[in-house]
Amino acid sequence: AGAPDLAGRRVVISAGGTREPLDPVRYLGNHSSGKQGYALARTAQARGAEVTLVAANTALPEPAGVRVERVGSAGELRAAMRREAAEADVLVMAAAVADFRPARTVEQKIKKRDGVEPDPIALVRNPDILAELSAERRPGQVVVGFAAETENVLAGGRAKLARKGCDLLVVNEVGGGLAFGTDENEAVILDADGGETPVPLGPKEALADLLWDAVLRRLATR
Ligand code: C5P
């Protein structure tokens, strides 16, 4: 392990993927494994940070020395992040958050009935947690987002960083088997000050360590 350069810093990281309930047994979900968020938690802990991991539906071993808070839906993840934000120096949104949730969650299991077509599932928008955390951040707090793009990675990433208002955005090119569920990642870290750090294809820990370097530069300018 290197220097404990994150000592005394409170870091909160969301990981995994949200599940938006339809009824007591069904949900709308996504394929996020949580591996990148867990790699961020392990590396931050190794560098001396006090780490809270807000884990949405992950099945990974809990990192030693990290406080893990479990959530299910985007609403629960939002509540946890906003509560933790009050005490955090750094907030990282590495979770795959559902953009939409079912307009209604029913209390009984939806039944199939002979000769009756199912009702369509009406959706409503979920709040953008990253944009909210950015808009509400305290002076000196650093907010980080992730974005998976399939094309125009840099231009799209820049526009998204501006739209969300975060300090740093990690942009992944997805497709072709990269990112989801794998142990490796290739990305670019965009800084709101215009900086750009390419991350070569490699373990998610390597990306995590480059991201903590960028976070430390950002913290130093506050
Ligand atoms: O807009 P897009 O989903 O591409 O942005 C991805 C980033 O925004 C991730 O950091 C993700 O955690 C965050 N996000 C969020 N709330 C949402 C959707 C995405 O915080 N409702």
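At 222 nm, what helix-only mean residue ellipticity would the chain give, in deg cm²/dmol to the nearest 500, using -39500 (n - 2.57) for each DSSP H run of four or more? Walk me through the intermediate numbers first.
Values: 5 runs with 60 residues, N = 222.
Only helices count here, giving -8500 deg cm²/dmol.
Amide H of V142 versus every other amide H placed in the peptide plane: which residues, excluding those fewer than 5 positions away on the same chain, fall under 5 Å?
V90, L91
Give, as a single signed number, the net charge of other residues whose beta carbon lies under 9 Å from the beta carbon of G202, with Lys and Arg counted +1 and Asp and Glu -1.
Around G202, the surrounding residues sum to -2.
What relative contact order, as a whole-number percentage, does segment 81-186 give when Cα pairs under 8 Å and 6 or more residues apart are counted? Show your work: numbers first, answer last.
On the way: 121 pairs, mean separation 27.0, N = 106.
Taking the mean separation of contacting Cα pairs over the length of segment 81-186, I get 25 percent.
Pick from D119, D128, D209 the residue whose mean-square fluctuation is largest in a GNM of the chain, springs joining Cα atoms under 10 Å.
It is D119.
In whole Hz, with x marking every Gly and Pro, tabulate ³J(HN,Hα) for segment 93-104 from phi via Karplus 6.51 cos²θ - 1.76 cosθ + 1.60, θ = phi - 60°.
Each residue's phi maps through the Karplus curve to give 9, 9, 6, 8, 9, 5, 6, 10, 10, x, 4, 10 Hz.
Using amide H atoms built in the peptide plane, which far-off residues or other-chain residues are under 5 Å from N126 H to H?
Correct list: F100, R101.
Going toward the positive end of the dipole of the chain, with +1 on Lys and Arg Cβ and -1 on Asp and Glu Cβ, which of G72, L190, G202 do you reach last?
It is G72, whose Cα lies furthest towards the positive end.
Anyone know which of R67, R83, R101 comes out most mobile in the 10 Å Cα GNM of the chain?
R83
Check each of the chymotrypsin sites (Phe, Trp or Tyr not before Pro) in segment 123-222 and keep only those in coil by DSSP with at most 12 other C-beta atoms within 10 angstrom; list them in order.
none
From the residues L91, Y38, F146, which one has its Cα farthest along the dipole of segment 1-156 in the positive direction, the dipole being from +1 and -1 charges on Cβ of Lys/Arg and Asp/Glu about the Cα centre?
Y38
Find out how many positive minus negative residues lie around R218, taking Lys and Arg as positive, Asp and Glu as negative, among other residues whose Cβ is under 11 Å from that of R218. Kindly include the intermediate steps, with their values, before the conclusion.
Details: positive: R217, R222; negative: D89, D167, D191, D193, D213.
Here the count lands on -3.
If all Cα-Cα distances of segment 1-91 are sorted into 5 Å bins from 0 onward, what percent lands in each bin, rounded to whole numbers?
Using 5 Å bins, I get a P(r) of 3, 15, 24, 22, 17, 10, 5, 2, 1, 0 for segment 1-91.
With only alpha-carbon pairs counted, each pair once and no self-pairs, how large is the Kirkwood hydrodynamic radius of the chain in angstroms?
In the chain this quantity evaluates to 18.1 Å.
Across 10 Å bins from the origin, how do the percents of Cα pairs in segment 179-222 run, short distances first?
27, 50, 20, 2
Around I110, what is the net charge, scoring Lys/Arg as +1 and Asp/Glu as -1 over all other residues with Cβ under 12 Å from its Cβ?
+3
Nearest 5 is fine: what % of DSSP beta bridges in segment 115-222 come out antiparallel, could you say? If you can, show how the numbers build up before the last one.
Details: 12 of 18 bridges.
So the antiparallel bridges amount to about 65 percent of the total.
FYI, it's all coordinate maths here, none of it is from the lab. This one's a predicted model, so the numbers in the text were calculated from it and none came from an experiment. A quick note on method: Cβ atoms are made from the backbone with ideal geometry, for glycine too, and the neighbour counts reach across all protein chains shown.
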